[in-house]
Amino acid sequence: MATGESVRDMSSKFAKLERFQGQDFRRWKKKMHFLLTTLKVVYVLSTPMPEEAENETLDPQRRRLKWENDDYICRGHILNRMSDALFDVHANVASARDLWDALEAKYMAEDSF
């Protein structure tokens, strides 16, 4: 299968992931985690941004830029799979990890009932 075809196939499957409306967070979280793993950006939810160092060589700078880009992509995919009302509430969260932690704090407790 050509690369373009696989990206199209992936995109159509991801479009089928239901938007999070505030219920069934555990199920949505698992599906979202799978999506982010497939996109190879899930690591930003558990790995801090690489530190800036004095006299930095090009390689650490590239790693930091890659992490920042992957965080942006991860955050965007999480937000994009939320209802418009929840998107509006969470759109200004600074990082994917902060967004993920906020969603877990609020909705994991609500799912327990």
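Legend: distances between Cα atoms for Lys30/Lys66; Lys31/Lys106; Lys40/Lys106; Lys40/Lys66; Lys66/Lys106; pairs beyond 21 Å are Lys30/Lys66; Lys40/Lys106; Lys66/Lys106. Compute log10 of I(q)/I(0) for the stretch 3-111 with the Debye formula, placing one identical point scatterer on every Cα and leaving out solvent, at q = 0.09, 0.10, 0.14, 0.19 Å⁻¹, to two decimals. For the stretch 3-111 at q = 0.09, 0.10, 0.14, 0.19 Å⁻¹, log10 I(q)/I(0) is -0.27, -0.33, -0.61, -1.00. In percent, rounded to a whole number, the relative contact order of the stretch 3-111 is 34, using alpha-carbon pairs under 8 Å and six or more apart. Using the Karplus relation 6.51 cos²θ - 1.76 cosθ + 1.60 with θ = phi - 60°, the per-residue 3J(HN,Hα) values for the stretch 64-80 come to 5, 5, 5, 4, 4, 5, 5, 5, 4, 5, 4, 4, x, 5, 4, 4, 5 Hz, with x marking Gly and Pro.
We did not get these values from a lab; they are worked out from the coordinates using the rules stated. Source: prediction; values computed, not measured.
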